[in-house]
Amino acid sequence: MICSKCNYENNDGTAFCVNCGAELNVAKQEAPKPAEPAPVNQSVYTAPAPVPQKQGANGMSVAALVCGLLGIIGSFIPIVKYFTLVLAVLGIIFGVIGKKKAAEAGNSSTGLATAGLVLGVIGTAFSAVGVICALACVGAASAATETAGLDLLSSAKEAVTEAVTSAANEISSTVSDAANSIASSAADEVNSMASSAADKAAEAASSAAKDFVNSLFS
């Protein structure tokens with residue numbers, strides 16, 4: 001019961017105000033009516049904006065995790081390590097992008113992106129070490145092959161030189177023997193021809209002398 005004079009709120013059924021002593025008109029006071037709600041204009045009513053929900057792991061985080069795992073596994077395979085090195089590097093890139101996207105979306109769960117980033121770093125290290133070791137082995141094998149090739153070339157050169165020298169000596173000896181034989185044959189033939197010519201000349205001279213003598217005494 002509210003006093004109309006001092007606005008003091010008294011208990012229901014009180015005839016006089018406890019605060020100021022004024023008479024309370026119980027019959028005239030009525031309970032206040034509740035306020036009616038304002039009519040809602042259905043034409044301009046808009047639904048409340050949806051509350052943004054936190055998203056789960058994004059695709060970049062999953063890609064970073066997969067690339068990091070493949071980078072670590074492939075680093076132990078001799079030929080595949082060259083390709084998985086690229087995957088490991090992609091794992092690092094995807095991990096960084098995944099963490100950034102998660103932060104922009106308000107998602108505090110960045111475990112997959114972090115795991116992919118860490119695995120990408122480990123895979124890159126393993127693959128890089130494997131590639132360096134493979135290149136070192138290839139370099140050593142190339143150097144050994146080059147040395148062996150030089151030794152083989154030197155041996156082949158010496159063998160060819162010996163063979164050519166021996167063949168040249170053999171040809172020279174054969175040519176010398178043939179020349180000596182030809183020269184000896186030619187000398188014998190010349191001597192024979194000279195002897196035959198001398199004999200014929202002697203016979204002719206003897207015949208001519210006989211004819212001259214016979215002509216003197218005839």
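The values are calculated or read from the model by the stated rules, or taken from the named source; none is laboratory data. All values derive from a computational prediction rather than experimental measurement. Here Cβ is always computed from backbone atoms with ideal geometry, including for glycine, and neighbour counts include all displayed protein chains.
Of the residues that make up region 93-100, is at least one among the charged types (D, E, K, R), within 27 Å of Ser61 (Cβ to Cβ) and under 34 Å from the mean Cα position of the chain (by Cα)? Taking every residue of region 93-100 in turn, at least one turns out to be among the charged types (D, E, K, R), within 27 Å of Ser61 (Cβ to Cβ) and under 34 Å from the mean Cα position of the chain (by Cα).
Restricting attention to region 66-86 and to residues that are buried (at least 24 other Cβ atoms within 10 Å of the Cβ) and at pLDDT below 85, the residue that is farthest from Leu135 (Cα to Cα) turns out to be Gly68.
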